[in-house]
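Reading through the structure tokens given below for one structure.
The values are calculated or read from the model by the stated rules, or taken from the named source; none is laboratory data. Please read these numbers as outputs of a predicted model, since none were measured by experiment. Cβ placement follows ideal geometry from the backbone for every residue including glycine, while neighbour counts extend to all protein chains displayed.
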Amino acid sequence: MTVTVLEVPTTPFAGQKPGTSGLRKKVGVFRQPHYLENFVQAVFDSLDGFQGQTLVVGGDGRFHNREAVQTILKMAAANGFGRVLVGRDGLLSTPAASCVIRAHKAFGGIILSASHNPGGPEGDFGIKYNIGAGGPAPEKITDAIFAATASLSRYRTLEAAPEVDLGQIGETDLGGMRVVVIDPVADYAALMETLFDMEAIRRLFRDGFTMCFDAMHAVTGPYAHAILEGRLGAPAGTVINGTPLEDFGGGHPDPNLTYAKDLADLMMGDRAPDFGAASDGDGDRNMILGRGVFVNPSDSLAVLAANAELIPGYRGRMTGVARSMPTSRAVDRVAAKRGWECHETPTGWKFFGTLLDAGRATLCGEESFGTGSDHVREKDGLWAVLAWLNIIAARGQTVRQILADHWGNYGRTFYSRHDHEGLDAAKAEALMADLRAAPLLGQTLGGRKVALHDDFAYTDPIDGSTSQGQGIRIEFEDGARIVVRLSGTGTEGATLRLYLERFEPDPAAHDQDAQVALADLIATIRDLTRLKDRFGSEDPTVIT
Ligand code: VG1
Ligand code: CO
């Protein structure tokens, strides 16, 4: 069959603006004729020099993933890519996509995911472009893509091209471009073997250590089955909800105490295994639990940093750490003790890329259940789980003991995030504007004096690029801190995020519940923002 390149006339769609992590919209929006095609063409139009090069394509398997992959394959061929590597069945977790881009020296990659947002015909879909270093496109590129979407008049695809069979590993030709269907797990699993003491973890399981990994019917299932139950010998049944479903079984594939409630309940109950973990829709987030204990993601980052020397892949090569601004400053204390660089960046993994590339950060993390390192350029859920297993094996301690020791050594940073989802967007914007304008500096709020009040701005120390308006910070003289920002990943109304933090050096006070320890800060920010007056309720939808 002769396949010819077709130029399809089109007109721009408003609002194709990538947010914290790519373009996310309702499935119905993405299924409009030309919607996905326009965005993909805008991505290609913003890039230079990819003729004959390799593109990586894969997604988290949510509803519309399959059709979208076929569309992108035809467009990649029509635009002149030489080769596409695509995960079998169109699957690649976000960290695995980053790994494949790097391992095969691809020009870049397209990842189809709306991460932790629900899927299915009524759910969300998303797409993002990752650069050749493996990480999310920096703002310079996402801005260019958005600009291109606004003036698009045609896109290129193939006429009369057959669907590519994505179910079989192998190679085919598509309009002169090679399509290589790869095992989505192989490169990633091989990389994990180079980082961790796999034998020590194998021994742990052999000696009866028990674990429950909840893949939440999302993309990590095949990876967790292959690595935990396959290579590490954990008993069958260790991985639950391990088959990716297009609608994630109707759930919210977000590994937190609200949406992974079954796992949280199991870990707090009498029959809890030694270790519990979960990951999100696209496999880049992780939640860590021990028997009877939840590890706050900010603490998880600090513990991983403090124990990195116990992990073969990091021994003797820690240079620095980086965290997103709203993430607690627990890791800063580790960096200060070890003499490492410590960077504070805006929310979103794309801000870590330059630091990782330059060797200025080895580990990085976000309070939103994201931890990772310079092994790829995305946060990595299963990597964090393996890192914890490695540390547990090396220290011979329970999660609870490891956490208590950490707090004993560094003090405890009480931390919580309160999410208020589904708010009226205009009212949420008004709250932010009021809070930005309020003359808070020097005032006393809830008995604490305000020492800093700003809207976080960032200058990248490597490439000098700047980003404004990244979240309002209110810091007090005693070191306590409140951060307020609006989500950039939602698809409905607005989500307000309140981040609360207070340092406690006294070990005798470490056992309190975080909500109790932070109660006064919670009251302060609710009063200051008049949450109840504005929205009728001041109760968060999700508490972490
Ligand atoms: C949220 C998190 C942020 C994370 C982003 C993408 O963004 O707060 O830390 O990087 O999701 O994570 P926002 O703008 O909604 O607060 V994922 O797992 O969607 O790739
Ligand atoms: Co995610």
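Identify, from the list P297, P244, the residue that is within 16 Å of ligand 2 (Cβ to nearest atom), within 19 Å of the chain's Cα centre (by Cα) and more than 19 Å from V542 (Cβ to Cβ). Write out each step before concluding.
Details: P297 fails: more than 19 Å from V542 (Cβ to Cβ).
When all the criteria are applied, what remains is P244.
Given the residues G61, G15, G28, which is the only one that is outside any helix (DSSP H, G or I) and either touching a residue at least 60 places away in the same chain (Cβ under 8 Å) or farther than 29 Å from S324 by Cβ (or both)?
One residue alone meets the criteria, G61.
Looking at region 109-121, is at least one residue over 14 Å from the mean Cα position of the chain (by Cα), closer than 17 Å to W349 by Cβ and modelled with pLDDT of 95 or more? Let's see the steps before the verdict.
Applying the first criterion (over 14 Å from the mean Cα position of the chain (by Cα)) to region 109-121 yields 109-110, 118-121.
Retained after the next criterion (residues that are closer than 17 Å to W349 by Cβ): 109-110.
Now restrict to residues that are modelled with pLDDT of 95 or more: 109-110.
Yes, there is a match, as at least one residue in region 109-121 is over 14 Å from the mean Cα position of the chain (by Cα), closer than 17 Å to W349 by Cβ and modelled with pLDDT of 95 or more.
Quick check, is L195 surrounded by fewer than 18 Cβ atoms within 10 Å (Cβ to Cβ), more than 16 Å from ligand 2 (Cβ to nearest atom), over 18 Å from R83 (Cα atoms) and not β-branched (V, I, T)? Walk me through it before giving the result.
Working: surrounded by fewer than 18 Cβ atoms within 10 Å (Cβ to Cβ): yes; more than 16 Å from ligand 2 (Cβ to nearest atom): yes; over 18 Å from R83 (Cα atoms): yes; not β-branched (V, I, T): yes.
So L195 fits the description; yes.
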State which residue is nearest to the chain's Cα centre (by Cα) when the search covers only region 447-503 and only residues that are within 16 Å of ligand 1 (Cβ to nearest atom) and on the phi > 0 side of the Ramachandran plot. G471
Does D214 count as within 30 Å of N38 (Cβ to Cβ) and in contact (Cβ under 8 Å) with a residue 60 or more places away in the chain? no
Whether any residue in region 346-353 is within 16 Å of ligand 2 (Cβ to nearest atom), in contact with a Phe, Trp or Tyr (Cβ under 8 Å, 6 or more places away or on another chain) and either of a type in the set (D, E, K, R) or free of Cβ contacts under 8 Å to residues at least 24 places away in the same chain (or both) is what I want to check. no
Which of (1) in contact with a helix residue (DSSP H, G or I) (Cβ under 6 Å, 6 or more places away or on another chain); (2) within 16 Å of ligand 1 (Cβ to nearest atom); (3) closer than 23 Å to R417 by Cα does G290 not meet, given it meets every other one? (2)
Note: among V40, V8, V69, V84, just one is under 24 Å from A133 (Cβ atoms), among the aliphatic types (A, V, I, L, M) and either in a strand (DSSP E or B) or within 16 Å of ligand 1 (Cβ to nearest atom) (or both), namely V84
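Every residue in region 308-354 that is assigned to a helix (DSSP H, G or I), away from ligand 1 (no atom under 15 Å from the Cβ) and farther than 19 Å from T413 by Cβ, please. Outline the logic, then answer.
Step one: of region 308-354, the residues assigned to a helix (DSSP H, G or I) are 308-310, 312-314, 330-338, 349-351, 353-354.
Now restrict to residues that are away from ligand 1 (no atom under 15 Å from the Cβ): 308-310, 312-314, 330, 332-338, 354.
Result: E309, L310, P312, G313, Y314, T354.
Could you say which residue among D434, D405 is touching a residue at least 24 places away in the same chain (Cβ under 8 Å), in a helix (DSSP H, G or I) and either within 16 Å of ligand 1 (Cβ to nearest atom) or surrounded by fewer than 23 Cβ atoms within 10 Å (Cβ to Cβ) (or both)?
Numbers: D405 fails: touching a residue at least 24 places away in the same chain (Cβ under 8 Å).
None of the other options fit; the residue is D434.
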Among the candidates G58, G82, which residue alone is within 25 Å of V8 (Cα to Cα), surrounded by fewer than 23 Cβ atoms within 10 Å (Cβ to Cβ) and in contact with a Gly (Cβ under 9 Å, 6 or more places away or on another chain)? G82
Given the conditions (1) surrounded by fewer than 24 Cβ atoms within 10 Å (Cβ to Cβ); (2) within 16 Å of ligand 2 (Cβ to nearest atom); (3) of a type in the set (D, E, K, R), every one holds for D284 apart from (1)
With the structure loaded, tell me whether L92 is touching a residue at least 12 places away in the same chain (Cβ under 8 Å), within 16 Å of ligand 2 (Cβ to nearest atom) and either surrounded by fewer than 24 Cβ atoms within 10 Å (Cβ to Cβ) or of a type outside the set (K, R) (or both) or whether it fails that test. yes
Within region 66-78, can one find any residue that is under 29 Å from S368 (Cα atoms) and within 16 Å of ligand 2 (Cβ to nearest atom)? no
Selection from region 166-188 of residues in contact (Cβ under 8 Å) with a residue 12 or more places away in the chain and surrounded by fewer than 18 Cβ atoms within 10 Å (Cβ to Cβ) yields G167, Q168, I169, G176, R178, V180, D183
